[in-house]
1. Yes or no: SER80 at pLDDT 90 or above and either at negative phi or touching a strand residue (DSSP E or B) at 6+ places or on another chain (Cβ under 9 Å) (or both)?
2. May I ask you to verify whether PRO186 is surrounded by fewer than 21 Cβ atoms within 10 Å (Cβ to Cβ), modelled with pLDDT under 90 and in the same structural domain as VAL103 (by TED's automatic domain parsing)?
3. Would you please name the residue that is surrounded by the most Cβ atoms within 10 Å (Cβ to Cβ), looking only at residues in the stretch 35-60 that are of a type in the set (S, T, N, Q) and closer than 14 Å to SER8 by Cα?
4. What is the one condition in (1) touching a residue at least 24 places away in the same chain (Cβ under 8 Å); (2) more than 18 Å from THR78 (Cα to Cα); (3) part of a helix (DSSP H, G or I); (4) not polar (S, T, N, Q) that GLU52 does not satisfy?
5. Of all residues in the stretch 16-58, which are of a type in the set (Val, Ile, Thr) and more than 24 Å from SER109 (Cα to Cα)?
6. Hey, does the stretch 120-138 have a residue that's modelled with pLDDT under 95 and either of a type in the set (Phe, Trp, Tyr) or in the same structural domain as ARG18 (by TED's automatic domain parsing) (or both)?
7. Any idea which residue in the stretch 30-58 is modelled with the lowest pLDDT, counting only those that are under 21 Å from the mean Cα position of the chain (by Cα) and of a type outside the set (Asp, Glu)?
Amino acid sequence: MARKKQLSREQVVEAISRCFIKHGMAPTVDELRRVLKVGSTRTALRYLQWLEESGDIERWPGARGLRLLRTPDQGVETRSVPVVGEAPAGPVMLAEENLQGWVRLPAASLRPRNAKFFLLRVRGDSMNRARIDGARIEDGDLVLVRQQPAADPGSVVVALTDGEATIKRLVRGPNYFLLKPESTNPEHQPILVNRDFRVHGVVTHVLKKGTSIVGLR
């Protein structure tokens, strides 16, 4: 671009990365314009062209046809988070030899700092009406889970029932708990569990299927 750039490449890459983490998908040009606080979509498009020419991003036709080819590396601390399997599936396997890969995510999205996190691939449609920070939990997505042995009622949790990990809304009854689906498919029914069922963690973010997450291997 011939005209002077007001933002650095790292600032724009960081802004795009934040959009991926917060919303689970690439920003549109207008959404990026607002995040960058620039005056026009033309300016935002120039920044995208600059990043594409620099090899920082890849673009294709479509409102969200964008993926990052690298992580932000200036002023953004990241942490590696393991991908441990799918849900519903067998038990969550956190041992190193069972991991399917790692994803580097901004540390700001992993709070509190001393908490442990893992990622699960969603399989099925039992929670496709549930939203985490505005993003639906749909087949093929990755969910970010804060590892903890208990959860407040109303949370979307990863729990172990009958030897299988499942993602459901935790609902409290008088002397029991329900693991409740939130689905467009009426075949999915609530699971009644007693007080000693096992919670693996609480879902905090959704990384949408079709987005490229830098660091996945």
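1. So SER80 fails the test.
2. No.
3. Here the answer is THR43.
4. (1)
5. If the condition is that a residue be of a type in the set (Val, Ile, Thr) and more than 24 Å from SER109 (Cα to Cα), then VAL38, THR41, THR43 are the ones that fit.
6. No, there is no match, as no residue in the stretch 120-138 is modelled with pLDDT under 95 and either of a type in the set (Phe, Trp, Tyr) or in the same structural domain as ARG18 (by TED's automatic domain parsing) (or both).
7. In this case the residue turns out to be ILE57.
The values are calculated or read from the model by the stated rules, or taken from the named source; none is laboratory data. On a predicted model such as this, the values are computed, not experimentally measured, just so you know. Using ideal geometry, Cβ is built from the backbone for each residue, glycine included, and neighbour counts are taken over all protein chains shown.
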